[in-house]
């Protein structure tokens, strides 16, 4: 893909909190898991598996930042400045939510909604004064993928489904997907929920297409 990975914080209503990769990853690892409850058979010692829920999906990859001049940063920022941008989007505790940011990660047709689970830095080259010149960053996210078959065009927001994780907020999802947190009551009704709060982790929520205003 020619496009760079863009990671945007859904908590920033102005849309300024985000990060764009300098170099795209060579590979991406995706994990999906289903949980089953083990139930002992009433007629034997065998156990049967009963579906419990789909676990949140995982997305992990490695990116590089390079300040040797071989690959110039598009905005002229340094490695330390770009790391600050990355951590502001995915790691720093947000003022309003009091939690790390819920993010939307976009790379071509891949759209992922979730939160960062881990960030690891592997510095391999430094200037004489100790300034980092090259770093490999390993990122891992947990959340859900937006369905590629339901992506819309024009002013219609793509329909998607997400799997709730601990600490998720329906209002935050609606703000990210529709650009308006007030849609949360409509989404709750569409999914047969009694409330917009207290949604259990593992619950799959469908966000139908709506026109932006």
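The values are calculated or read from the model by the stated rules, or taken from the named source; none is laboratory data. Remember, predicted model here, so these are calculated numbers, not experimental data. Here Cβ is always computed from backbone atoms with ideal geometry, including for glycine, and neighbour counts include all displayed protein chains.
Annotations
- Boolean, residue 53 is at pLDDT below 90 and buried (at least 16 other Cβ atoms within 10 Å of the Cβ): yes
- No other residue among 157, 151 is at pLDDT below 85 and in contact with a helix residue (DSSP H, G or I) (Cβ under 8 Å, 6 or more places away or on another chain) apart from 157.
- From the list 82, 134, 50, the one residue that fits, being free of Cβ contacts under 8 Å to residues at least 24 places away in the same chain and more than 16 Å from the chain's Cα centre (by Cα), is 50.
- Some residue of region 169-184 being assigned to a loop (DSSP other than H, G, I, E, B), modelled with pLDDT of 80 or more and within 21 Å of the chain's Cα centre (by Cα): yes
- Identity of the residue in region 92-105, crowded, with 16+ Cβ neighbours inside 10 Å and touching a residue at least 24 places away in the same chain (Cβ under 8 Å), that ends up nearest to residue 207 (Cα to Cα): 104
- Scanning region 22-47 for residues being in a loop (DSSP other than H, G, I, E, B) and touching a residue at least 60 places away in the same chain (Cβ under 8 Å) gives a total of 2.
- Top-ranked residue in region 58-77 [being exposed (fewer than 15 other Cβ atoms within 10 Å of the Cβ) and in contact with a strand residue (DSSP E or B) (Cβ under 7 Å, 6 or more places away or on another chain); ranked as modelled with the highest pLDDT]: 68
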